[in-house]
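Since every read-out is calculated from the coordinates, none of them should be taken as a lab result. Everything numeric in this text was worked out from a predicted model, so none of it was measured. Please note: Cβ atoms are built from the backbone with ideal geometry, for glycine as well, and neighbour counts cover all protein chains shown.
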Amino acid sequence: MEKRTKLLRNIIIYISLSCGVATYSFAGSSESYPKVTKEWFLLEETKTHIEFSGRVIKCDENENHQLHLKIFNENAEEKNVNFKVTILDKTTGKSIEKTITLTLGVAAMINAACDSSENSNLKIEIPSDYNAENLDIKLQLN
């Protein structure tokens, strides 16, 4: 009986250690990018039917978080837009601004994406000392 108890105890210890190592291995490799900190949210919808949205995302482990913008021209005509985006870190009180000017085609939707350099003017890098989970983002038309 004593040999049986010892064998059972060794089996339980082996299984416990194996599960712990497997869990540690999976936890270490679970970092996948891009990581969305804040999903798409509406920033502004103008009286002239242009919709501005944003999201906070970290495209790569070696890069800072970014604000990606999406702009939709709901009009049946081309529109020129000029606007300023302000990103305030509510934790530190620091802020950055970026002014963007562009032309939107008829019923066009453009947006920034991690895997594309197209529309890179719609990517705003968030400084590394900002708390990406505690931002106040404002858009002002010029």
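Numbers below:
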{"quantity": "HN-Hα J in Hz across the stretch 41-50 - Karplus 6.51, -1.76, 1.60, θ = phi - 60°, x for Gly and Pro", "calculated": "9, 6, 9, 6, 10, 7, 5, 8, 6, 10"}
{"quantity": "Taking L69, L43 and counting other C-beta atoms within 10 Å, the order from fewest to most", "calculated": "L43, L69"}
{"quantity": "Bins of 10 Å from zero: percent of alpha-carbon pairs in the stretch 79-118", "calculated": "22, 37, 32, 10, 0"}
{"quantity": "Trypsin sites (Lys or Arg not before Pro) restricted to DSSP loop in the stretch 33-70 with at most 12 other C-beta within 10 Å", "calculated": "K47"}
{"quantity": "Per-residue Cβ neighbour rank within 10 angstrom, fewest leading, E31, E118", "calculated": "E31, E118"}
{"quantity": "Whole-Å semi-axes of the ellipsoid equivalent to the stretch 43-125 (Cα gyration tensor, √5λ, descending)", "calculated": "24, 16, 10"}
